[in-house]
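The structure appears below as structure tokens.
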Amino acid sequence: MRRSSDLYRRSLERRRKEDEARRLRDVVPGLAELEFVLSEERLGMPGHEVHHKRVIVVSRAPALFEFPCSDRSCDGGGHDLTLEVINHLARGETRFVETHRCEGRSRDASCEYLLRVEARAVYRLAPIAIASGH
């Protein structure tokens, strides 16, 4: 019962943070598309990687890039890549990779999960000013 109430509490907290965060379209106005390929693995256990793709809806997404840890026994962990992702996007990078080790605790030790985020971004072209020849 405690585990499900902890999950529920963390879910509510995540939603609150997302609701309060600035919108991605306002933080990076030229961004048109953003997608991530997320790979998570337990260090020291090759072959146990989990991969999935996440498409970000730029028009309504929060400028918040926090990913929960996949380890069910991890307490208080996760991956906050907000600053790193926003910095890449602010520089107009179209492809970038970030890795992050979970900051939580699992089974009375540091969590051993590592997240790798491969990002692809597309930006709108800046409007071209056309000079009148008159």
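Centre-to-centre separation between the Cα atoms of the stretch 102-125 and those of the stretch 59-90: 7 Å.
Spacing of the modelled spin labels on Thr82 and Ser59, each 7 Å from Cα toward Cβ, amounts to 2.5 nm.
Order of Tyr113, Tyr123, Tyr8 from fewest to most other C-beta atoms within 10 Å?
Tyr8, Tyr123, Tyr113
The numbers here are math on the coordinates, done by the rules we state, and not lab data. Computed from a predicted model, the values in this text were never measured in an experiment. As a convention, Cβ positions derive from the backbone with ideal geometry for all residues, glycine included, and neighbour counts pool all protein chains shown.
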